[in-house]
Each structure stands twice: as structure tokens, then as C-alpha cells.
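K.L.:
Below you'll find the structure I mean.
The values are calculated or read from the model by the stated rules, or taken from the named source; none is laboratory data. In this text the structure is predicted, and so the values were computed from the model without any measurement. Using ideal geometry, Cβ is built from the backbone for each residue, glycine included, and neighbour counts are taken over all protein chains shown. Accessible surface is based on the protein model in full, side chains and every heavy atom, while ligands, DNA and RNA are left aside. Shrake-Rupley method; radii C 1.70, N 1.55, O 1.52, S 1.80 Å.
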Amino acid sequence: MKKNLLFAALLLAATGGSTLAQETVDQAVVQKIRQEGLQNSKVMETAFYLTDVSGPRLSGSPGLKHAQDWVTGQFKTWGLSNVKLEPWGKFGKGWQVEKNYAAITVPYYHAIIAIPKAWTGSTNGPIKGNVILIKADSAADLAQYKGKLNGKIVVFDNANKLAAGTTPDFLRYTDAQLTEMASATPQPERPRQQGGPNGTPNPQMAARMRMMRMRVALNKFLQEEKVGLVLSQARGTDGTVFTTNGASYADTAQLAAPELETSGEDYTRIVRLLKGGIAVQMEADIRTKFFTEDLQGYNVIAEIPGTDKKLKDQVVMLGGHFDSWHGATGATDNAAGSAVMIEAMRILNTLKLKPKRTIRIALWSSEEQGLFGSRGYVNAHYGNVKDGFKPEQQKVSAYYNLDNGTGKIRGIFLQGNAAVAPIFKTWLEPFTDLGANTLTIRNTGSTDHVAFDAAGIPGFQFIQDPMDYFARTHHSNQDTYDRLVEDDLKQAATVVASLVYNTAQRAEMLPRKEQPKPVAAN
């Protein structure tokens, strides 16, 4: 109760004592949006083209380009304005898997579950032979294998024991969890920890740095030894492989040895056999391809123009990242979020609502490598704290982002901006029956709204039901169209369309937090 009272006091202070009555919602428009979004939805059709038709959308890959070309064509067909592929800067090499086969042949046949690590090389045709177990805790330990690994298939004696799950994979937020989120109070920003107590090195950071140095030394050694194929243990259980990159995408990066992230069950079986003195033979044929013709990264941009003479130059933005990892077709991460935002634009465009402010969608690339698409866009159009902000920074009312899987929207992370709470509360009231009514002052990160928030622009990520996103689909070989929940995506697109429309129609732009101070270069 005290937390709720404190949060209410903070809201009043932030809004100068304003009341919810100052916000209005056009209920007739909301009903039209609900009808179009819930009864005439095209969100699953869009998701189909982004996943099953386009395939994996790894940054710089043909799959991403196919999806970008398809959606720009859709936007043009719908009659949206200023549709374009906008470069954000240099990315690097594209890459895709063209063949992936690996199997144990001795002591018996078994096709393993394994995914090539992104940006790693090929086996240059079929290979077969004994699997070599490498025991090395340091770079010096590798010397014993010099001259012995040419063309060999290798695994490492570092298999992690697989733990049984203790919670369900598939989850929705309970009322108690949502109440706890709503009761949160603003937290002061924590300074980044540089070390341990009394200036001693941070042990976790030190361990990570040692692991990174070992990995660099190991990659160099394996490449020099011309190893045939590397097997590494993937994170995940029950046949789920959470994929990562095994080499750099930079156009100047050296070619890395072919490497398969192997399911925990298959990897630990191979290691157990070898440590038990049982010979393991395998055959494999891995073919990957690099693309270097165009090293630029691109975002998809499209608009519904504003119609108010005074407000049409102001912008309301919505978006999500368009790229994915390569182990599957990137359905929940993030075809789901992208399809919802595309559907929100379709709803608003179909209803011909003529917003006062311009509504702009952005579908970002290379979010998975570090929010490159959104950060490049924000830097180019709005500036940053280092170089200063551009005049256009003052014309963006808000940016709305969706990137946490297929779960329906339960509310909004306020990102520490208490002043928007009474506004969003009013705007979400028509969707209480759909479960979208929770506001939390908390921040959330690791996706594209962060680029806007860092530039002083109100940037928001929605609260979504977790489903099996982090447990099973996020960056994994399970992230396929079949994991999408149709009713949840329809609900999300409807809620987003309404909030975006209300933002475009509001008399004033959304209130902002204290603006970050530009930092002069030394």
C-alpha cells in the first residue's frame, strides 16, 4: 500500500497535479480499431511471409533482404508514404547456412541436433573420422595437440551437466505479478561497477575476460591446425539449441573453423563415450556462404502523413527489430513484434483516420548485434549526448517498441517517465477486458527503444506475457511460426494501433523525462 501511495505521489509531482480527466479517448475510433484488429486481422499472414517464406533473417543475409523487399512492397501497395530502405551505416559480411548434416556413425548411427555457429566456415565437402577429445584449460595446454588435428572432428572436455527443469516453459503473468510490477517505485540509476570491494577486480568480469582470451587463442589455434570441424555444447535442453555467433561479421575478419553448436544431449553423449574409452566416429557436411557485395545495414521506413497544419511535422514512431538469428525462422524474435507493428500500420491506414501527427514505422536491422539499426538511425536523425542533439529530436512525441515474443500486451514499461502514467492509464482503459492495463515505472532494456531513451526521446517497450520465449524460443532452433499465438498478436496490434493513434491526436506531445546533457568531447 505504501508503495502505491508513493507512486501516486510521484505521478502527481511529475504532472503538476494534473488529473486523468484532462486526457480524452475517442471511443468511436477505438471501437473501429478493435473491430479491424480483432476481426479482420492480417497479422498471421504477415508473420507467414516473414518466417516460412523469408527464412532466417540474420543480419546481412539473403533472408533479411527478402523480408525487407517484401514488406516495402506491401507498404507501397497499401499506399503508405516515404517507403524506403534507409542505410544506417556499415555492418559487414552477410552469411547463411546452405547445408548442415552431421551424424555419429560409430558405435552406431545417430543424426545429431546441431546448428553452425554464425559466421563460421565450411567443411569444404563431406568429412568423416574419429572424434578427438581436447582437454585444455589454458592456451599452453593446446601445444600437445599441435600437428595432430588436421581435418579432424574435435570436442572439448568441458561438457556441462544438463539440469532438469523446475518450472513450466509456458507462462503468463499472474495478477499478483502484475500488481507487483505496478507497485514498483523509481530506482536510482546504478553506476556501472568497475571492480570489486576496495578496488579489487570484479571476479565475474575477470572470469569472463579469461574465457574470452582463451576462446580467441583456441580459435586461432584450431584455424592454424586446419581442424575439420569443431563441436561445442549449446545452451539448452530437450533438443533446443540456443544459437550464437562463432566468428566476427567484420569484412576484415579472418575465416573461422567450421563449428556446430550441438544439443546438450548429443554433446554430453559424445563426451561420455570418449571419456569411457569408446571410439566415436562421425560424418559431416557443412556448407556456409558469405555475402560481401553490400556491407551496409538497412532499416525499413514508411509513414502515414500527418494532416494537421501545425502538428504534421511532429512524429509518432513505432517499430521492432526485423533481423533474427539463424537456427530457425525468428518467429518470436522478432517476426512477432515486427508483424504486430506492421499490422498496427495496416489497421490505421485501412481505417483512413487521418492522424494529426505523422506516424512512422521503422523495422530495424542488426539489433541482435548491438541495436545497430536503431542507434544508427537515432544518431543520424536526432543526434546524441556526445555530439549534441539535432532540431528533429524535439519533434518526436514517442517511440513504441515490441520485442519480447508472441505474448499479448499486459501494459507498458514507463522507463522511469512518471509523467506519462496518467496518460497511458486513460488510453489503456478501453483494453482492460483484453488484459492490457498494467503500468510500471521500471526500465527495461536490451532492445531498440533504448536508443531513443538515450537521446531524450520518450521510448517505450510493452509488457508482454512471457509464454515460452526465454525458456524455449529466444534465439533457438525452436523459434518457428508454430510458436506464434494468433489471438495474442491480434490483441497486441490492436492495443498498439490505439496508443499510436492517441499519441498522434493528443494536443501536446508526450511529456519527457529530464533531458540528457550533451557531453563535450575532451
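K.L.:
Take the residues in segment 89-141 that are within 19 Å of SER248 (Cα to Cα) and in contact with a helix residue (DSSP H, G or I) (Cβ under 9 Å, 6 or more places away or on another chain); name whichever of them is surrounded by the most Cβ atoms within 10 Å (Cβ to Cβ).
P.N.:
Ranking the qualifying residues of segment 89-141, first place goes to PHE91.
K.L.:
Only one of GLU514, GLU508, GLU429 is assigned to a loop (DSSP other than H, G, I, E, B) and under 24 Å from LYS356 (Cβ atoms); which?
P.N.:
Among GLU514, GLU508, GLU429, only GLU508 is assigned to a loop (DSSP other than H, G, I, E, B) and under 24 Å from LYS356 (Cβ atoms).
K.L.:
Mind checking whether some residue in segment 364-382 is open to solvent by less than 10 Å² (accessible area, probe 1.4 Å) and assigned to a loop (DSSP other than H, G, I, E, B)?
P.N.:
Yes.
K.L.:
So, one more: Suppose the filter is in contact with a Gly (Cβ under 7 Å, 6 or more places away or on another chain) and open to solvent by less than 10 Å² (accessible area, probe 1.4 Å); does GLY405 pass it?
P.N.:
Against the criterion (in contact with a Gly (Cβ under 7 Å, 6 or more places away or on another chain) and open to solvent by less than 10 Å² (accessible area, probe 1.4 Å)), GLY405 does not qualify.
K.L.:
Among the residues of segment 451-489, how many are open to solvent by less than 40 Å² (accessible area, probe 1.4 Å), within 23 Å of ALA331 (Cβ to Cβ) and in a helix (DSSP H, G or I)?
P.N.:
5
K.L.:
Oh, and also: Against the definition (exposed (fewer than 12 other Cβ atoms within 10 Å of the Cβ) and touching a residue at least 40 places away in the same chain (Cβ under 8 Å)), how does GLY151 come out, yes or no?
P.N.:
No.
K.L.:
Here's another thing I want to ask about it. Go through segment 400-414 and count every residue that is of a type outside the set (Asp, Glu) and either within 19 Å of ARG360 (Cβ to Cβ) or without any contact (Cβ under 8 Å) to a residue 24 or more places away in the chain (or both).
P.N.:
3
K.L.:
Filter segment 285-315 for residues that are farther than 23 Å from LEU58 by Cα and in a strand (DSSP E or B); which is farthest from the chain's Cα centre (by Cα)?
P.N.:
Restricting to residues being farther than 23 Å from LEU58 by Cα and in a strand (DSSP E or B), the top hit is ILE304.
K.L.:
Working carefully through the options TYR501, TYR469, find the one that is aromatic (Phe, Trp, Tyr) and over 16 Å from the mean Cα position of the chain (by Cα). Please lay out each step first, then the result.
P.N.:
Working: TYR469 fails: over 16 Å from the mean Cα position of the chain (by Cα).
Only one candidate passes the filter, namely TYR501.
K.L.:
May I pose another question? Within the set of pairs 6+ apart or on separate chains, which have a first residue in segment 447-464 that is more than 21 Å from LYS425 (Cβ to Cβ), a second that is hydrophobic (A, V, I, L, M, F, W, C) and open to solvent by 10 Å² or more (accessible area, probe 1.4 Å), and C-beta atoms under 7 Å apart?
P.N.:
Taking only residues 6 or more apart or on different chains, the pairs are ASP448/LEU371; VAL450/LEU371; ALA451/LEU371; ALA455/PHE389; GLY456/PHE389.
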